[in-house]
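**Student:** This is the structure I have questions about; it appears just below.
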Amino acid sequence: MKIKIYLLVILLGWQCATAFGQSKAALTSEKKKLEQEIAAQKKLLAATQKSKNHSLREIQLINNQIKNQEKLISTINTEIDGLNEQISNKEQELGQLKNKLELLKEGYKNAVYAAYKYRNVTNKMGFILSAESIAQAITRANYLAEYSRAMKNQLDIIIQTQNQIQQQTDELIQHKNEKSQLAQNKISEKENLSRQEREKERIVADLKKQESKINQQIKQKVARQKVVEAAIKKIIDAEIAKANAAKPASSGTGGKTAATDKTAATVLRMTPQETALAKDFESNRGKLPWPVEKGNIISRYGNDSHPEVSSVTITNNGINILTEKGAAVRAVFNGVVTAVADISGTKAVILKHGNYFTVYTNLASVSVRQGQSVSTKQIIGRLYQNANDPHSELHFEIWKEKVHQNPSLWILK
């Protein structure tokens with residue numbers, strides 16, 4: 001019964017170790033990605049701070065840095081919690097093994113004492129030959145053989161348990177060392193976070209001195225964003241209307257018709273090929289390549305504001321990616337060019353993937369034409385370059401018919 005309990009404890013300990021091993025690998029991967037993103041952001045921030053014309057961008061970059069630093073500290077905390085749990089399990093398992101060893105030693109000691117006490121009896125040949133019958137002699141021989149095997153097995157289990165204790169002790173020391181290193185990393189990352197928050201406060205204080213100018217910049221950005229939004233919506237509305245006019249109502253998705261469905265104007269009717277493409281696009285959610293080879297998301301989907309310098313809120317229907325100056329822009333999936341348009345002084349490309357659309361704006365030049373088929377990662381243009389800006393910024397959106405999506409959930413992490 002006791003052996004069964006020991007085996008159960010060891011099995012549970014192994015399962016916990018396996019589960020933590022899997023989660024630890026995921027945490028290590030997440031931590032590595034965060035560290036890489038923080039390093040990339042530091043480079044962008046260093047280049048941006050050389051120019052005094054991009055203070056709003058500095059705030060965005062530092063805010064992103066702070067968020068990622070907080071995520072990294074949270075990841076380290078989770079890793080430390082996991083190690084604490086594993087250390088506790090190891091200590092419990094070690095205690096069980098030591099108790100088992102004491103019981104095994106006690107049993108072996110009693111067996112050795114019994115063998116010594118009955119040493120005359122255990123004179124094997126004499127004990128067997130003194131039997132009154134052949135059957136009794138065989139029984140005695142089997143008894144002695146079984147006794148010898150039991151003694152050897154007991155000794156083997158003792159040695160095996162001692163080895164297990166040594167192994168568990170080594171692993172426990174390793175986990176404690178890992179925890180100590182993580183604790184040091186956490187202290188270092190907290191210091192980095194404090195530095196970034198102080199830097200943000202310094203920049204905000206400088207921006208406060210020119211608040212009216214900053215507010216004007218934000219208002220201009222809001223106005224431009226509205227122009228871009230209206231232009232994109234108009235193009236997508238026109239594409240849906242054109243597609244629906246060109247196809248009979250019965251070919252609509254799910255068999256809906258304009259007569260029976262009040263939302264028919266928002267549902268894009270598709271050919272079987274377009275339906276297959278849309279399903280393929282949808283199945284790649286979270287796996288789409290980035291629209292630029294490398295970059296950093298500077299403005300995320302949803303409401304984006306600068307409460308430190310303004311009460312104005314910008315609603316972002318997509319994401320803004322800061323990247324190399326004049327960087328190439330790539331299609332994130334196979335599709336067809338729906339539109340190439342001039343919007344607010346720069347160019348935009350809209351690609352159609354069944355009933356999905358991807359939108360790429362703030363381009364200086366375009367290398368595709370309307371109606372052209374494109375493939376994943378094909379270059380469709382290059383970003384606009386501002387002479388006073390060390391970087392270029394891509395605005396990227398994803399729509400499903402007339403509903404915009406969060407691109408961060410579609411592209412690779």
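Computed from the coordinates by the stated procedures, all read-outs in this text should not be read as laboratory data. Note that the structure is predicted; figures quoted are calculated from it, not measured. When we count neighbours, we look across all protein chains shown, and the Cβ atoms used for this are built from the backbone with ideal geometry, even at glycine.
**Student:** Rank these for me by crowding, Asp81, Asp206, going from fewest to most other beta carbons within 10 Å.
**Tutor:** Least crowded to most crowded, the residues run Asp81, Asp206.
**Student:** Pull out the extension gain between Gln370 and Glu171, defined as 0.36 nm times the separation in residues minus the alpha carbon to alpha carbon distance; nm, one decimal.
**Tutor:** 65.4 nm
**Student:** Kindly put Arg330, Arg224, Arg269 in sequence by how many other C-beta atoms sit within 10 Å of each C-beta, fewest to most.
**Tutor:** Arg224, Arg330, Arg269
**Student:** Kindly rank 188-197, 340-349 from highest to lowest mean number of other beta carbons found within 10 Å of each residue.
**Tutor:** Highest to lowest by the protection proxy: 340-349, 188-197.
**Student:** Obtain the nm distance between the two label points defined at Glu106 and Ala328 by a simple spin-label model: each point lies 7 Å from its Cα along the Cα-to-C-beta direction.
**Tutor:** 7.5
**Student:** If you don't mind, another one. Work out how much length Ser133 to Glu70 would gain on full extension: take 0.36 nm times their residue separation and subtract the Cα-Cα distance, in nm to one decimal.
**Tutor:** 14.3 nm
**Student:** So between Asn386 and Lys221, what do we pick up on full extension, going 0.36 nm a residue minus the alpha carbon distance?
**Tutor:** Result: 57.9 nm gained on full extension.
**Student:** Order these by the 10 Å Cβ neighbour count, fewest first: His391, His175.
**Tutor:** Arranged by neighbour count, lowest to highest, His391, His175 become His175, His391.
**Student:** Which FRET efficiency value, to the nearest 0.05, is calculated for Lys402 and Ile159 with the Förster distance at 51 angstrom and r the Cβ-Cβ distance?
**Tutor:** Here the calculated transfer efficiency is 0.10.
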